[in-house]
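Asks: Below you'll find the structure I mean.
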Amino acid sequence: MRYLALLTLCLSLSAQADRIKDLTNVAGVRSNQLIGYGLVVGLNGTGDGANISFTGQSLKSMLSRLGVSVDGVISDFDIAGTQASNLPVDNVAAVMVTADLPPFAKPGQTIDVNVSTIGVSESLRGGTLVLTRLRGVDGNVYALAQGALTATGVEVNAAGDEITIGVPTSGRIPNGASVERMVETPFLRSEHVVLNVRSGDFTTAKAIVDKINDTFGPETAQAIDGVSIAVRAPTESNQRVSFVSMVENLEVTPGEASAKVVVNSRTGTVVISRNVRVTAAAVTHGPISVSIAATNEVSQPNPFTDGQTAVVQNAGVAIEEPNNKMFLFQPGVDLRDIVDAVNQTGATPSSLIAILEALKTSGSLRAELVVI
C-alpha cells in the first residue's frame, strides 16, 4: 500500500475510560498573566545604545529613585525632534517581562519569568534583570522580578558573516519573581463547584453527571449545559478539597468526538477521525499530461529552380492520460475503505486534498472538513 502523506488514522476499537480531571477544569482555578517593563543591565555591548531614547529615560528615572544625580546627561533634542540620551546605555536593554501566576499562589512563593527585548538590543546573554514590578490586568502589583537571565541563543559576527543559533533576544529566569499578592478565587466561597468540560460535548457532560450521582448520591451533580456541570460540595475547606480530589479521580467514558477531516494544505498532512462516513459516490482521479515538442528543419529548393532556402518548424503534440479506473463508495463506507480506495489511485497529497474537498462539496462526506 502506498501512503499519500503522513496520514494519521484514529482507529480505536472501543472508547476508553478517562479520569474526570483529564476531561474538565474547575471553574475559577486558573492561572493569571502578569506583565511588566524593566531594564536588563550588564550586557557586553549588546544593549540598545543611544538610538533608543526610552532606554536612557528609564535608566535616568531608576538612578534618580536610587539617589544618583543624573543632571546634565540628558541633551536637548536631536534633529528628528526626539529627546536623546547621553547616558552610556550600550550595556543596558529595555525589556518586557511576562509571567503566569498559578492558581492559589501565596505571597513568598516564586514563579518563573520570561524576558524579551523591545528595542534594538542584539543579545541578552549575560544580563541581569533589575527589580521589576509585575502587574495584572487590574493594574495591581502581584509579583516582583529580578535576577540573572538564562539566554540560550547565540549570535556570532565575523568578517561580515553572521550566525544565529536560537533567539538571543529573549531569556528566562527560573524562580525569578516573588509573589506579593494572592488572587482571590471563588473556589472556597461558592455554593457549588463548577466543572467545565474542555471539549464541550453533551454526551460527555451527561456521562460525568451520571458517574458523580451514582457515586455520591442523586442530585449531587447537575448539568448546566454541554460544557458546565455544577457539583454540590462541602463548605469546609478541607472537606471540599478532599471531595474534589475524589470527584476528579472518577473514571468515565467520554462521548466520541464529531467526525472531522483535518487537512494541512502546506505540508500535505491529513488526519481523519474514526467516525468519518461517506455516502454513495463515484470518484475518478487521473490528471492529463500534454507534451509539445518542436523541431526545426531546413527546406532546400530543387536544383535549377527559383526557389529559396527556408526554415520549417514542425511540432509534435502528445497527450498522456493515466488509465485509472473510477472507484465507487458504497453507502456508509468507513474510514479504512476510504483510505484504501484513495491509495489505489496513486493520488499525491495535493490530489487527496482535492478529492476530499470534492466529496465535501458534493455532500457525500459526512464529516466536518477543516483546512489549516
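So that you can scan it fast, the table gives a plain yes or no per residue for (1) among the aliphatic types (A, V, I, L, M); (2) modelled with pLDDT under 75; (3) not in a helix (DSSP H, G or I):
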residue	(1), (2), (3)
262	yes, no, yes
292	yes, yes, yes
297	no, yes, yes
305	no, yes, yes
337	no, yes, no
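Asks: Among the residues of the range 190-231, count how many are closer than 15 Å to residue 19 by Cβ and in contact with a Gly (Cβ under 8 Å, 6 or more places away or on another chain).
Replies: Counting residues in the range 190-231 that are closer than 15 Å to residue 19 by Cβ and in contact with a Gly (Cβ under 8 Å, 6 or more places away or on another chain) gives 3.
Asks: Is one or more of the residues making up the range 150-157 modelled with pLDDT of 90 or more and either surrounded by 15 or more Cβ atoms within 10 Å (Cβ to Cβ) or within 30 Å of residue 16 (Cβ to Cβ) (or both)?
Replies: No, every residue in the range 150-157 fails to be modelled with pLDDT of 90 or more and either surrounded by 15 or more Cβ atoms within 10 Å (Cβ to Cβ) or within 30 Å of residue 16 (Cβ to Cβ) (or both).
Asks: Right, residue 174: within 31 Å of the chain's Cα centre (by Cα) and modelled with pLDDT of 90 or more or not?
Replies: So residue 174 fits the description; yes.
Asks: Looking only at residues in the range 10-24 that are surrounded by fewer than 15 Cβ atoms within 10 Å (Cβ to Cβ) and at pLDDT 90 or above, which one is farthest from residue 135 (Cα to Cα)?
Replies: So, considering only residues that are surrounded by fewer than 15 Cβ atoms within 10 Å (Cβ to Cβ) and at pLDDT 90 or above, the one farthest from residue 135 (Cα to Cα) is 19.
Asks: Are any residues in the range 108-139 buried (at least 18 other Cβ atoms within 10 Å of the Cβ) and among the β-branched types (Val, Ile, Thr), and if so, which ones?
Replies: Selection gives 111, 113, 115, 117, 130, 132.
Asks: Sort out which residues of the range 255-269 are among the β-branched types (Val, Ile, Thr) and within 28 Å of residue 24 (Cα to Cα), and write them in order of number.
Replies: Hits for the range 255-269 are 261, 262, 263.
Asks: Check the range 48-57 and report whether any residue there is of a type in the set (Val, Ile, Thr), at pLDDT below 90 and assigned to a helix (DSSP H, G or I). First the steps, then the outcome.
Replies: Within the range 48-57, the subset of a type in the set (Val, Ile, Thr) is 52, 55.
Applying the additional criterion that residues be at pLDDT below 90 yields 52, 55.
Next, from what is left, pick out any that are assigned to a helix (DSSP H, G or I): 55.
For the range 48-57, residues of a type in the set (Val, Ile, Thr), at pLDDT below 90 and assigned to a helix (DSSP H, G or I): present.
The values are calculated or read from the model by the stated rules, or taken from the named source; none is laboratory data. Keep in mind the model is a prediction, meaning the values are calculated, not measured. Glycine also receives a Cβ, built like all others from the backbone with ideal geometry; neighbour counts cover every protein chain displayed.
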